[in-house]
Structures are given as C-alpha cells and as structure tokens.
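Visitor: Got a structure here, written out as structure tokens. Questions coming.
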Amino acid sequence: MVNTGHQAAFTDGRLYERFMGQRSRVNGEALLSWLTLPNELRWLDVGCGAGALSAVILEQCAPESVSGIDSSKAQIARASERINDERADFRVGNAMALPFEGGSFDVAVASYVLNFVPDKQKMIDEMARVVRPGGTVAVSVFDYMGNGDPGRHFWQAIRAWDE
C-alpha cells in the first residue's frame, strides 16, 4: 500500500489478495446473504480490488453482469486475470466519479472500501446515481468498534509477546 495523502493505493494485486482475499470473500458471502436479491441483475462492485466480491456475485447471484471498478491498475489487472467470465468486466476508475451513466445498474456494492475514500458521501452519492430507481446500494466496512480491525491479530500477538 502506498499512502497518497488521504487515499490509500494498493499497488500489488497478488499481495493484496493474499492478505485480504479470504476475508473479502467471507465478508462478500455475508453481505450477499443479507441482501437476498433476485438473479439476473446488473451489479457494480465499487473498489473491487482483486475481485473477491465480484467472484462471489458471479458464483451465487446468477447476475446478468458484474462490473468492477478500482483506482489501482494492479488490482484491476489481478481481477481480470483471475476471473474469466463473459459477464464480468473490470476497469480502473474513481469511486467518487464513477464512469457510468445514471441508472446503469440494479445493484451497487462496496466492501471494505469506504474507509479508504476521502469523500465518503460523494462515493455513496455516485453509487446511488448509477443505480436505477428502486435499485440497491449496499456498503460494508470494517467493524473497528467491535474489534474487527484486520490487523488486530497482529497487534494482539505483539502485545502478548511484549507488553
């Protein structure tokens, strides 16, 4: 990860997937089971990273299509490399200025992304803009208050080793 001021940039898709892939997949499965949406929808995965949530959508939701967008070229390259499905497309883009017409999707989802976006409201507004009226916008984030920080195991081990 490279710190670029207010915005995180994940520059190695394979390493990110190794670190976050399984966690992203489990979170994606939980998010989708909570949404309980019908099949044949057009999905947008905002901040798709290496494509963990997009893969779960393709496997479990019988979508018409899944478009993934991420600001990292490396992440998009990794998602495109690992997901070979004609219903999926991935592109580099900004979550706060989505390159899609209004109403292009039935569902827009973002998992573990909002924490890293400088203007969170702008991202949510953009997701709502590109979803058709009556569609679904869903965002999941790390549960820091409930001790869901992804680095907590690391810090617990450090504390156990040397207070």
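The values are calculated or read from the model by the stated rules, or taken from the named source; none is laboratory data. Bear in mind the structure is a predicted one, so any value in this text is a computation, not a measurement. No Cβ is skipped: glycine too gets one built from the backbone with ideal geometry, and neighbour counts run over all protein chains shown. When the accessible area is computed, the model is the full protein with side chains, heavy atoms only, and any ligands, DNA or RNA have been set aside. Shrake-Rupley method; radii C 1.70, N 1.55, O 1.52, S 1.80 Å.
Visitor: To the nearest 10 square angstrom, how much accessible area does residue 44 have with a 1.4 angstrom probe?
Guide: The accessible area comes out at roughly 0 Å².
Visitor: Right, something else. List every residue whose amide H lies under 5 Å from the amide H of residue 44, counting only residues 5 or more places away in sequence or on a different chain, with H placed 1.01 Å from N in the peptide plane.
Guide: Excluding prolines and chain starts, which carry no amide H, the hits are 67, 107, 108, 109.
Visitor: Provide the gained length on full extension for the span residue 34 to residue 77, in nm with one decimal, where the gain is 0.36 nm per separating residue minus the Cα-Cα distance.
Guide: 12.6 nm
Visitor: Quick check on the stretch 39-146: of the DSSP beta bridges with both residues there, what percent are antiparallel, nearest 5%?
Guide: On the way: 1 of 20 bridges.
Counting only bridges with both partners in the stretch 39-146, antiparallel ones make up about 5 percent.
Visitor: Taking only protein heavy atoms and a 1.4 Å probe, what accessible area per residue, in Å², does the stretch 34-86 have with all protein chains in place?
Guide: 43
Visitor: Something else now. For the ranges 64-70, 54-60, 121-127, what's the packing order if you count other beta-carbon atoms within 10 Å of each residue, average per peptide, and put the highest first? Display every interim value, and only then the final one.
Guide: On the way: 64-70: 23.4, 54-60: 20.9, 121-127: 17.9.
Highest mean packing first, the order is 64-70, 54-60, 121-127.
Visitor: How large is ³J(HN,Hα) for each residue in the stretch 124-135, as worked out from phi by the Karplus curve 6.51 cos²θ - 1.76 cosθ + 1.60 (θ = phi - 60°), to whole Hz, x for Gly and Pro?
Guide: 4, 4, 5, 4, 5, 5, 7, 9, 4, x, x, x
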